[in-house]
1. Among DSSP beta bridges whose residues both lie in the chain, state the antiparallel percentage, nearest 5.
2. Only residues of the stretch 92-107 count here: report those whose backbone N is under 13 Å from the spot 7 Å along Cα→Cβ of VAL158, or say none.
3. Helix 50-77 against the longest principal axis of the chain: what's the angle in degrees, Cα atoms only, rounded to the nearest 10?
4. Compute the distance from the alpha-carbon center of the stretch 152-213 to that of the stretch 329-367, in whole Å.
5. Could you calculate the contour length gain from PHE384 to TYR328, that is, 0.36 nm times the residue separation minus the distance between their Cα atoms, to one decimal place in nm?
6. At 7 Å along the Cα-to-beta-carbon direction for both GLU409 and LEU427, put a label point, then send me their distance in nm to one decimal.
7. In the stretch 120-135, which residues have a backbone nitrogen under 14 Å from the label point lying 7 Å from LEU203's Cα in the Cα-to-Cβ direction?
8. Taking a threshold of 27 Å on the Cα-Cα distance, which of the pairs LYS350/LYS437; LYS84/LYS180; LYS83/LYS191; LYS416/LYS437 fall above it?
Amino acid sequence: ASVSHGQEISASDVPITDENGVCQNDNTAAADGSCRSNYSLSEAAQEDTVDVVIHALLKISDFVYSFANVRRIVKANEGKSRKKSTGWFSSEKYTVAFDTPALIRTQDGAQEKSKHKLFKYVVTPDAIKLFMEKNRKWFDEPVDKDGVAGDWKFDKTVSEKNEPFLLEGSVEEATQVNMKIVDYDDEFSTKGGGLVYGVVVNLTRKWITVVFRGTVGTTDIATDRDFRLDHESFFESEDDIFVSGGKPGTHMGFTTYLMDEKKGDQDGRKSLDRILSCVNEEFKSNPDVVGKDFDLYVTGHSLGGGLANLFAFKAAQLKAKDDESVKYLPEKITALTFASPTVGNDDYNKEFQYLEKKGNLRHVRVANEGDVVPTNNIIPPASFAIKGNTKLYTQNGVNLHLHPDKEVEVDYRATKDCWSQTSLSSLDNHMVTEYYKRVELLANKKVYQQTVEELYNAAGDFTN
(Lines give C-alpha, C1' and ligand atoms only; values in the text may rest on other atoms or scores of the structure.)
Protein backbone atom coordinates (compact mmCIF):
# COMPACT_ATOMS: atom_id res chain seq x y z
CA ALA A 1 0.00 0.00 0.00
CA SER A 2 2.95 2.23 -0.50
CA VAL A 3 3.61 4.55 -3.38
CA SER A 4 7.33 4.55 -2.62
CA HIS A 5 9.68 2.36 -4.66
CA GLY A 6 10.16 -1.08 -3.21
CA GLN A 7 7.95 -0.63 -0.18
CA GLU A 8 5.09 -2.77 0.86
CA ILE A 9 1.53 -3.30 -0.23
CA SER A 10 -0.47 -6.42 0.46
CA ALA A 11 -1.88 -8.21 -2.56
CA SER A 12 -4.97 -8.83 -0.45
CA ASP A 13 -5.68 -5.12 -0.89
CA VAL A 14 -5.98 -5.32 -4.67
CA PRO A 15 -9.45 -5.81 -6.17
CA ILE A 16 -9.94 -8.45 -8.87
CA THR A 17 -13.13 -7.84 -10.84
CA ASP A 18 -14.44 -8.56 -14.31
CA GLU A 19 -15.47 -5.85 -16.78
CA ASN A 20 -18.80 -5.54 -14.99
CA GLY A 21 -17.23 -5.04 -11.60
CA VAL A 22 -18.18 -8.51 -10.38
CA CYS A 23 -15.76 -10.02 -7.89
CA GLN A 24 -13.76 -12.81 -9.53
CA ASN A 25 -11.94 -14.04 -6.41
CA ASP A 26 -12.83 -17.28 -4.72
CA ASN A 27 -13.43 -15.37 -1.50
CA THR A 28 -16.26 -13.05 -0.58
CA ALA A 29 -16.30 -9.30 -1.01
CA ALA A 30 -14.89 -7.13 1.73
CA ALA A 31 -17.12 -5.32 4.18
CA ASP A 32 -16.97 -2.16 2.07
CA GLY A 33 -18.30 -4.12 -0.94
CA SER A 34 -15.00 -4.17 -2.74
CA CYS A 35 -13.25 -7.30 -3.92
CA ARG A 36 -10.06 -8.61 -2.33
CA SER A 37 -7.53 -11.12 -3.62
CA ASN A 38 -7.13 -14.20 -1.47
CA TYR A 39 -4.24 -15.87 -3.30
CA SER A 40 -2.24 -18.08 -0.96
CA LEU A 41 1.28 -19.38 -1.32
CA SER A 42 0.13 -22.71 0.04
CA GLU A 43 -2.10 -23.07 -3.05
CA ALA A 44 0.88 -23.03 -5.40
CA ALA A 45 0.90 -25.91 -7.86
CA GLN A 46 3.77 -28.35 -8.09
CA GLU A 47 4.99 -26.89 -11.37
CA ASP A 48 6.28 -23.36 -11.23
CA THR A 49 3.93 -21.63 -13.64
CA VAL A 50 4.32 -17.91 -14.21
CA ASP A 51 1.20 -17.46 -12.09
CA VAL A 52 2.83 -19.26 -9.18
CA VAL A 53 6.14 -17.45 -9.54
CA ILE A 54 4.67 -13.94 -9.77
CA HIS A 55 2.25 -14.34 -6.87
CA ALA A 56 4.68 -16.20 -4.65
CA LEU A 57 7.41 -13.61 -5.12
CA LEU A 58 4.97 -10.78 -4.46
CA LYS A 59 3.95 -12.46 -1.21
CA ILE A 60 7.57 -13.07 -0.21
CA SER A 61 8.32 -9.43 -0.94
CA ASP A 62 5.28 -8.35 1.11
CA PHE A 63 6.61 -10.34 4.05
CA VAL A 64 10.13 -8.93 3.77
CA TYR A 65 8.93 -5.35 3.33
CA SER A 66 6.63 -5.59 6.36
CA PHE A 67 9.58 -6.82 8.38
CA ALA A 68 11.76 -4.05 6.95
CA ASN A 69 9.19 -1.45 7.97
CA VAL A 70 9.22 -2.67 11.55
CA ARG A 71 13.03 -2.71 11.69
CA ARG A 72 13.23 0.79 10.23
CA ILE A 73 10.99 2.20 12.95
CA VAL A 74 12.82 0.35 15.72
CA LYS A 75 16.22 1.41 14.41
CA ALA A 76 15.17 5.08 14.22
CA ASN A 77 13.50 5.29 17.63
CA GLU A 78 14.86 2.73 20.12
CA GLY A 79 16.29 4.52 23.18
CA LYS A 80 15.50 7.98 21.78
CA SER A 81 13.81 10.78 23.68
CA ARG A 82 10.46 11.76 22.22
CA LYS A 83 7.65 14.22 23.09
CA LYS A 84 3.90 13.77 23.10
CA SER A 85 1.21 16.36 23.55
CA THR A 86 -0.70 16.32 26.83
CA GLY A 87 -2.82 19.42 26.23
CA TRP A 88 -3.14 22.65 24.29
CA PHE A 89 0.12 24.08 25.58
CA SER A 90 1.75 21.16 27.32
CA SER A 91 3.75 18.06 26.45
CA GLU A 92 5.81 15.44 28.17
CA LYS A 93 9.03 13.68 27.26
CA TYR A 94 9.49 9.93 27.25
CA THR A 95 12.14 7.45 26.18
CA VAL A 96 11.22 4.88 23.55
CA ALA A 97 11.74 1.34 24.82
CA PHE A 98 10.46 -1.47 22.62
CA ASP A 99 9.55 -4.74 24.31
CA THR A 100 11.97 -7.56 23.31
CA PRO A 101 13.54 -5.92 20.22
CA ALA A 102 15.81 -8.97 19.85
CA LEU A 103 12.83 -10.72 18.23
CA ILE A 104 13.54 -8.73 15.07
CA ARG A 105 17.04 -7.32 15.58
CA THR A 106 18.78 -10.65 15.79
CA GLN A 107 22.24 -9.24 15.07
CA ASP A 108 22.29 -8.31 18.78
CA GLY A 109 21.77 -11.86 20.03
CA ALA A 110 24.21 -13.95 22.04
CA GLN A 111 24.68 -16.68 19.43
CA GLU A 112 27.81 -17.06 17.35
CA LYS A 113 27.62 -14.97 14.20
CA SER A 114 28.28 -16.27 10.68
CA LYS A 115 30.70 -14.05 8.76
CA HIS A 116 28.31 -14.29 5.80
CA LYS A 117 25.35 -12.69 7.58
CA LEU A 118 24.25 -9.76 9.68
CA PHE A 119 21.79 -11.99 11.55
CA LYS A 120 22.88 -14.35 14.29
CA TYR A 121 19.71 -16.41 14.01
CA VAL A 122 16.73 -16.53 11.68
CA VAL A 123 13.63 -14.41 12.05
CA THR A 124 10.37 -16.32 11.80
CA PRO A 125 6.88 -14.92 11.15
CA ASP A 126 5.90 -15.99 14.65
CA ALA A 127 8.67 -13.83 16.09
CA ILE A 128 7.47 -10.81 14.10
CA LYS A 129 3.87 -11.44 15.17
CA LEU A 130 4.91 -11.66 18.83
CA PHE A 131 6.94 -8.47 18.54
CA MET A 132 3.97 -6.60 17.05
CA GLU A 133 1.63 -7.89 19.74
CA LYS A 134 4.02 -6.61 22.40
CA ASN A 135 4.71 -3.28 20.70
CA ARG A 136 1.67 -2.24 18.71
CA LYS A 137 1.35 0.95 20.79
CA TRP A 138 4.51 2.29 19.15
CA PHE A 139 3.11 1.91 15.63
CA ASP A 140 0.45 3.59 13.54
CA GLU A 141 -1.05 2.26 10.31
CA PRO A 142 -2.64 4.84 7.98
CA VAL A 143 -5.55 3.49 5.93
CA ASP A 144 -6.89 5.33 2.88
CA LYS A 145 -10.52 5.83 1.86
CA ASP A 146 -10.49 2.53 -0.06
CA GLY A 147 -9.38 0.59 3.00
CA VAL A 148 -5.82 0.11 1.73
CA ALA A 149 -3.14 0.22 4.41
CA GLY A 150 -0.06 2.40 4.06
CA ASP A 151 3.41 2.04 5.54
CA TRP A 152 3.58 1.73 9.30
CA LYS A 153 4.72 4.85 11.08
CA PHE A 154 5.99 5.60 14.57
CA ASP A 155 3.12 6.61 16.87
CA LYS A 156 4.30 9.46 19.09
CA THR A 157 1.06 9.29 21.09
CA VAL A 158 1.93 5.77 22.29
CA SER A 159 -1.72 4.75 22.18
CA GLU A 160 -2.68 1.18 23.03
CA LYS A 161 -4.05 -0.89 20.12
CA ASN A 162 -5.58 -4.32 20.54
CA GLU A 163 -6.56 -5.17 16.97
CA PRO A 164 -3.92 -6.40 14.47
CA PHE A 165 -2.90 -4.05 11.68
CA LEU A 166 -3.97 -4.88 8.14
CA LEU A 167 -0.38 -5.35 6.99
CA GLU A 168 0.14 -8.02 9.63
CA GLY A 169 -1.75 -10.27 7.22
CA SER A 170 1.39 -10.78 5.11
CA VAL A 171 3.17 -12.00 8.23
CA GLU A 172 0.31 -14.36 9.06
CA GLU A 173 0.46 -15.98 5.62
CA ALA A 174 4.22 -16.37 5.90
CA THR A 175 3.58 -18.41 9.04
CA GLN A 176 1.25 -20.73 7.11
CA VAL A 177 3.85 -21.52 4.44
CA ASN A 178 6.83 -21.90 6.79
CA MET A 179 8.85 -18.93 5.62
CA LYS A 180 11.99 -17.71 7.40
CA ILE A 181 14.23 -14.69 6.94
CA VAL A 182 17.74 -16.08 7.26
CA ASP A 183 19.42 -12.71 6.70
CA TYR A 184 18.42 -9.10 6.24
CA ASP A 185 21.06 -6.42 5.98
CA ASP A 186 20.10 -2.79 6.55
CA GLU A 187 22.97 -2.09 8.94
CA PHE A 188 24.37 0.91 7.08
CA SER A 189 21.24 2.18 5.36
CA THR A 190 20.02 5.71 6.05
CA LYS A 191 16.94 7.78 5.30
CA GLY A 192 18.57 8.48 1.95
CA GLY A 193 18.78 4.77 1.12
CA GLY A 194 21.61 2.33 0.51
CA LEU A 195 21.89 -1.33 -0.44
CA VAL A 196 19.32 -3.32 1.53
CA TYR A 197 18.42 -6.95 0.90
CA GLY A 198 16.82 -9.97 2.51
CA VAL A 199 17.41 -13.71 2.07
CA VAL A 200 14.30 -15.84 2.61
CA VAL A 201 13.86 -19.61 2.83
CA ASN A 202 10.38 -20.77 1.83
CA LEU A 203 10.01 -24.39 2.87
CA THR A 204 6.62 -24.84 1.22
CA ARG A 205 7.78 -23.73 -2.23
CA LYS A 206 11.31 -25.09 -1.73
CA TRP A 207 12.80 -21.76 -2.74
CA ILE A 208 15.56 -19.53 -1.51
CA THR A 209 14.79 -15.96 -2.54
CA VAL A 210 16.95 -12.84 -2.49
CA VAL A 211 14.84 -9.67 -2.25
CA PHE A 212 16.38 -6.26 -2.99
CA ARG A 213 14.81 -3.06 -1.71
CA GLY A 214 13.90 -0.28 -4.15
CA THR A 215 14.47 3.47 -4.00
CA VAL A 216 13.61 5.20 -0.72
CA GLY A 217 15.56 8.48 -0.65
CA THR A 218 18.05 10.89 -2.15
CA THR A 219 21.05 8.54 -1.96
CA ASP A 220 19.17 5.93 -3.96
CA ILE A 221 17.95 8.53 -6.46
CA ALA A 222 21.54 9.63 -7.14
CA THR A 223 22.42 5.96 -7.65
CA ASP A 224 19.49 5.46 -10.05
CA ARG A 225 20.66 8.38 -12.21
CA ASP A 226 24.25 7.23 -12.71
CA PHE A 227 24.12 5.61 -16.16
CA ARG A 228 27.84 5.78 -16.81
CA LEU A 229 29.11 2.39 -17.96
CA ASP A 230 31.33 0.29 -15.70
CA HIS A 231 33.34 -2.09 -17.89
CA GLU A 232 35.44 -3.57 -15.08
CA SER A 233 33.47 -4.73 -12.06
CA PHE A 234 31.53 -7.61 -13.65
CA PHE A 235 34.21 -8.32 -16.25
CA GLU A 236 37.53 -8.09 -14.42
CA SER A 237 39.30 -10.75 -16.48
CA GLU A 238 39.04 -12.39 -19.90
CA ASP A 239 37.50 -15.42 -18.18
CA ASP A 240 34.50 -13.27 -17.26
CA ILE A 241 33.67 -12.57 -20.92
CA PHE A 242 32.06 -15.40 -22.87
CA VAL A 243 31.32 -13.55 -26.13
CA SER A 244 34.45 -12.34 -27.90
CA GLY A 245 34.83 -8.95 -29.51
CA GLY A 246 32.60 -6.97 -27.19
CA LYS A 247 32.99 -4.49 -24.36
CA PRO A 248 30.20 -5.26 -21.89
CA GLY A 249 29.34 -2.57 -19.39
CA THR A 250 26.92 -2.19 -16.50
CA HIS A 251 25.05 0.69 -14.84
CA MET A 252 27.60 2.50 -12.67
CA GLY A 253 25.18 3.36 -9.88
CA PHE A 254 23.73 -0.12 -9.37
CA THR A 255 27.13 -1.72 -9.87
CA THR A 256 28.67 0.46 -7.18
CA TYR A 257 26.00 -0.63 -4.68
CA LEU A 258 26.84 -4.28 -5.31
CA MET A 259 30.58 -4.06 -5.88
CA ASP A 260 31.70 -1.65 -3.16
CA GLU A 261 33.37 -3.21 -0.15
CA LYS A 262 30.78 -4.26 2.41
CA LYS A 263 31.22 -2.15 5.54
CA GLY A 264 31.98 -4.27 8.57
CA ASP A 265 32.74 -7.43 6.59
CA GLN A 266 35.61 -9.19 8.34
CA ASP A 267 37.08 -10.39 5.05
CA GLY A 268 36.70 -7.06 3.26
CA ARG A 269 34.43 -8.59 0.62
CA LYS A 270 32.25 -6.76 -1.87
CA SER A 271 28.57 -6.62 -0.95
CA LEU A 272 27.66 -8.93 -3.84
CA ASP A 273 30.24 -11.52 -2.75
CA ARG A 274 28.93 -11.39 0.80
CA ILE A 275 25.35 -12.04 -0.39
CA LEU A 276 26.49 -14.88 -2.63
CA SER A 277 28.38 -16.43 0.28
CA CYS A 278 25.27 -16.27 2.44
CA VAL A 279 23.13 -17.93 -0.24
CA ASN A 280 25.76 -20.56 -1.08
CA GLU A 281 26.05 -21.42 2.62
CA GLU A 282 22.28 -21.93 2.86
CA PHE A 283 22.34 -24.41 -0.03
CA LYS A 284 25.39 -26.13 1.47
CA SER A 285 24.56 -26.34 5.16
CA ASN A 286 20.93 -25.49 5.96
CA PRO A 287 19.38 -28.86 6.96
CA ASP A 288 15.99 -27.66 5.68
CA VAL A 289 17.52 -27.13 2.23
CA VAL A 290 20.32 -29.65 1.63
CA GLY A 291 19.39 -32.44 -0.79
CA LYS A 292 15.85 -31.16 -1.31
CA ASP A 293 16.16 -29.58 -4.76
CA PHE A 294 15.56 -25.98 -3.71
CA ASP A 295 15.45 -23.30 -6.42
CA LEU A 296 17.03 -19.84 -6.31
CA TYR A 297 14.95 -16.77 -7.17
CA VAL A 298 15.90 -13.09 -7.12
CA THR A 299 13.41 -10.23 -7.12
CA GLY A 300 12.92 -6.52 -6.57
CA HIS A 301 11.00 -3.45 -7.74
CA SER A 302 12.57 -0.47 -9.52
CA LEU A 303 16.10 -0.05 -8.15
CA GLY A 304 15.58 -3.43 -6.48
CA GLY A 305 14.77 -4.93 -9.89
CA GLY A 306 17.97 -3.55 -11.38
CA LEU A 307 20.01 -5.01 -8.53
CA ALA A 308 18.20 -8.34 -8.93
CA ASN A 309 19.11 -8.42 -12.65
CA LEU A 310 22.80 -7.84 -11.93
CA PHE A 311 22.93 -10.22 -8.97
CA ALA A 312 21.29 -13.04 -10.94
CA PHE A 313 23.68 -12.41 -13.83
CA LYS A 314 26.76 -12.59 -11.61
CA ALA A 315 25.57 -15.76 -9.89
CA ALA A 316 24.93 -17.39 -13.30
CA GLN A 317 28.24 -16.11 -14.68
CA LEU A 318 30.12 -17.72 -11.78
CA LYS A 319 28.06 -20.90 -12.12
CA ALA A 320 28.97 -21.15 -15.82
CA LYS A 321 32.65 -20.89 -14.83
CA ASP A 322 32.26 -23.62 -12.14
CA ASP A 323 33.46 -21.10 -9.58
CA GLU A 324 33.90 -22.50 -6.08
CA SER A 325 32.04 -19.54 -4.55
CA VAL A 326 28.73 -20.77 -6.01
CA LYS A 327 29.42 -24.48 -5.84
CA TYR A 328 26.20 -25.34 -4.02
CA LEU A 329 23.85 -23.05 -5.95
CA PRO A 330 21.45 -24.70 -8.42
CA GLU A 331 22.46 -24.65 -12.08
CA LYS A 332 19.72 -22.16 -12.99
CA ILE A 333 19.11 -18.79 -11.34
CA THR A 334 15.79 -17.10 -12.02
CA ALA A 335 15.14 -13.37 -11.64
CA LEU A 336 11.63 -11.95 -11.71
CA THR A 337 11.65 -8.18 -11.55
CA PHE A 338 9.10 -5.39 -11.49
CA ALA A 339 9.73 -1.98 -13.11
CA SER A 340 13.42 -2.76 -13.48
CA PRO A 341 15.53 -0.07 -15.15
CA THR A 342 17.99 -1.01 -17.89
CA VAL A 343 21.26 -2.15 -16.32
CA GLY A 344 23.72 -2.66 -19.19
CA ASN A 345 24.70 -2.09 -22.80
CA ASP A 346 24.28 -4.32 -25.85
CA ASP A 347 27.43 -6.28 -25.09
CA TYR A 348 26.23 -6.91 -21.53
CA ASN A 349 23.06 -8.28 -23.08
CA LYS A 350 25.13 -10.63 -25.28
CA GLU A 351 26.76 -11.99 -22.13
CA PHE A 352 23.32 -12.28 -20.57
CA GLN A 353 22.05 -14.18 -23.62
CA TYR A 354 24.99 -16.57 -23.51
CA LEU A 355 23.96 -17.58 -19.98
CA GLU A 356 20.33 -17.89 -21.06
CA LYS A 357 21.29 -20.21 -23.90
CA LYS A 358 23.47 -22.24 -21.53
CA GLY A 359 20.50 -22.65 -19.18
CA ASN A 360 22.10 -20.88 -16.20
CA LEU A 361 19.95 -17.75 -16.25
CA ARG A 362 16.32 -16.77 -16.65
CA HIS A 363 14.80 -13.30 -16.27
CA VAL A 364 11.09 -12.51 -16.40
CA ARG A 365 10.82 -8.72 -16.50
CA VAL A 366 7.41 -7.29 -15.60
CA ALA A 367 6.82 -3.73 -16.84
CA ASN A 368 3.74 -1.53 -17.00
CA GLU A 369 2.68 0.27 -20.15
CA GLY A 370 3.33 3.95 -19.40
CA ASP A 371 6.11 3.37 -16.84
CA VAL A 372 9.19 5.33 -17.93
CA VAL A 373 11.62 3.74 -15.46
CA PRO A 374 12.25 0.53 -17.49
CA THR A 375 13.09 2.54 -20.65
CA ASN A 376 16.22 3.76 -22.40
CA ASN A 377 16.99 6.98 -24.30
CA ILE A 378 15.71 9.13 -21.43
CA ILE A 379 14.45 12.52 -22.66
CA PRO A 380 14.54 16.06 -21.20
CA PRO A 381 13.94 17.32 -18.62
CA ALA A 382 14.70 14.05 -16.79
CA SER A 383 17.87 13.53 -18.84
CA PHE A 384 19.39 16.74 -17.43
CA ALA A 385 19.88 14.93 -14.10
CA ILE A 386 21.37 11.80 -15.71
CA LYS A 387 25.05 10.90 -15.79
CA GLY A 388 26.00 8.85 -18.85
CA ASN A 389 24.31 8.02 -22.14
CA THR A 390 21.04 6.11 -21.73
CA LYS A 391 20.88 5.45 -25.49
CA LEU A 392 23.57 2.80 -24.97
CA TYR A 393 21.33 0.70 -22.70
CA THR A 394 19.04 -2.22 -23.48
CA GLN A 395 16.78 -4.60 -21.56
CA ASN A 396 17.24 -8.32 -20.88
CA GLY A 397 15.08 -11.40 -20.58
CA VAL A 398 11.43 -12.06 -21.36
CA ASN A 399 9.21 -9.02 -20.98
CA LEU A 400 5.66 -9.22 -19.62
CA HIS A 401 4.31 -5.82 -20.67
CA LEU A 402 1.20 -5.12 -18.59
CA HIS A 403 -1.71 -3.00 -19.81
CA PRO A 404 -4.52 -1.61 -17.65
CA ASP A 405 -7.29 -2.97 -19.87
CA LYS A 406 -6.08 -5.77 -22.13
CA GLU A 407 -3.98 -8.93 -22.19
CA VAL A 408 -0.31 -8.77 -21.30
CA GLU A 409 2.13 -8.58 -24.20
CA VAL A 410 4.90 -11.19 -24.13
CA ASP A 411 8.12 -10.53 -26.01
CA TYR A 412 11.83 -11.12 -25.71
CA ARG A 413 13.69 -8.06 -24.35
CA ALA A 414 11.29 -5.49 -25.91
CA THR A 415 13.29 -2.43 -24.84
CA LYS A 416 11.16 0.71 -25.09
CA ASP A 417 12.41 4.27 -25.35
CA CYS A 418 11.39 6.88 -22.80
CA TRP A 419 9.25 8.97 -25.15
CA SER A 420 6.97 6.05 -26.04
CA GLN A 421 6.12 5.52 -22.34
CA THR A 422 5.86 9.15 -21.23
CA SER A 423 2.48 10.45 -20.07
CA LEU A 424 0.90 12.45 -17.28
CA SER A 425 0.42 9.14 -15.43
CA SER A 426 4.03 7.93 -15.72
CA LEU A 427 4.72 8.21 -11.99
CA ASP A 428 1.49 6.45 -11.04
CA ASN A 429 2.24 3.69 -13.54
CA HIS A 430 5.53 3.00 -11.75
CA MET A 431 3.94 2.47 -8.34
CA VAL A 432 3.75 -0.98 -6.76
CA THR A 433 -0.01 -0.59 -6.36
CA GLU A 434 -0.47 -0.23 -10.12
CA TYR A 435 1.67 -3.32 -10.75
CA TYR A 436 -0.52 -5.35 -8.41
CA LYS A 437 -3.67 -4.23 -10.19
CA ARG A 438 -2.39 -5.06 -13.66
CA VAL A 439 -0.88 -8.39 -12.63
CA GLU A 440 -4.34 -9.47 -11.48
CA LEU A 441 -6.14 -8.55 -14.71
CA LEU A 442 -8.26 -11.53 -15.76
CA ALA A 443 -7.15 -11.24 -19.38
CA ASN A 444 -3.63 -12.26 -18.30
CA LYS A 445 -4.55 -15.57 -16.72
CA LYS A 446 -4.01 -17.67 -19.84
CA VAL A 447 -0.46 -16.38 -20.26
CA TYR A 448 0.27 -17.08 -16.61
CA GLN A 449 -0.49 -20.79 -16.99
CA GLN A 450 2.79 -21.30 -18.83
CA THR A 451 5.96 -22.20 -16.98
CA VAL A 452 8.93 -19.86 -17.15
CA GLU A 453 10.59 -22.23 -19.62
CA GLU A 454 7.50 -22.29 -21.84
CA LEU A 455 7.39 -18.51 -21.69
CA TYR A 456 11.02 -18.37 -22.82
CA ASN A 457 10.42 -20.83 -25.65
CA ALA A 458 7.45 -18.80 -26.89
CA ALA A 459 9.04 -15.38 -26.54
CA GLY A 460 12.31 -15.59 -28.44
CA ASP A 461 15.50 -17.34 -29.47
CA PHE A 462 17.94 -15.29 -27.33
CA THR A 463 19.50 -13.64 -30.38
CA ASN A 464 17.37 -10.59 -31.20
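1. In the chain, DSSP labels about 60 percent of beta bridges as antiparallel.
2. From the stretch 92-107, the list is 92-99.
3. 50
4. So the two Cα centres are separated by 26 Å.
5. Stretched out fully, the PHE384 to TYR328 stretch lengthens by 15.7 nm.
6. 2.6
7. Output list for this probe position: 122-127.
8. Correct reply: LYS350/LYS437; LYS84/LYS180.
The values are calculated or read from the model by the stated rules, or taken from the named source; none is laboratory data. In this text, all values refer to a predicted model and were calculated from it rather than measured experimentally. When we count neighbours, we look across all protein chains shown, and the Cβ atoms used for this are built from the backbone with ideal geometry, even at glycine. Note: areas computed on protein heavy atoms with side chains; ligands, DNA, RNA excluded. Shrake-Rupley method; radii C 1.70, N 1.55, O 1.52, S 1.80 Å.
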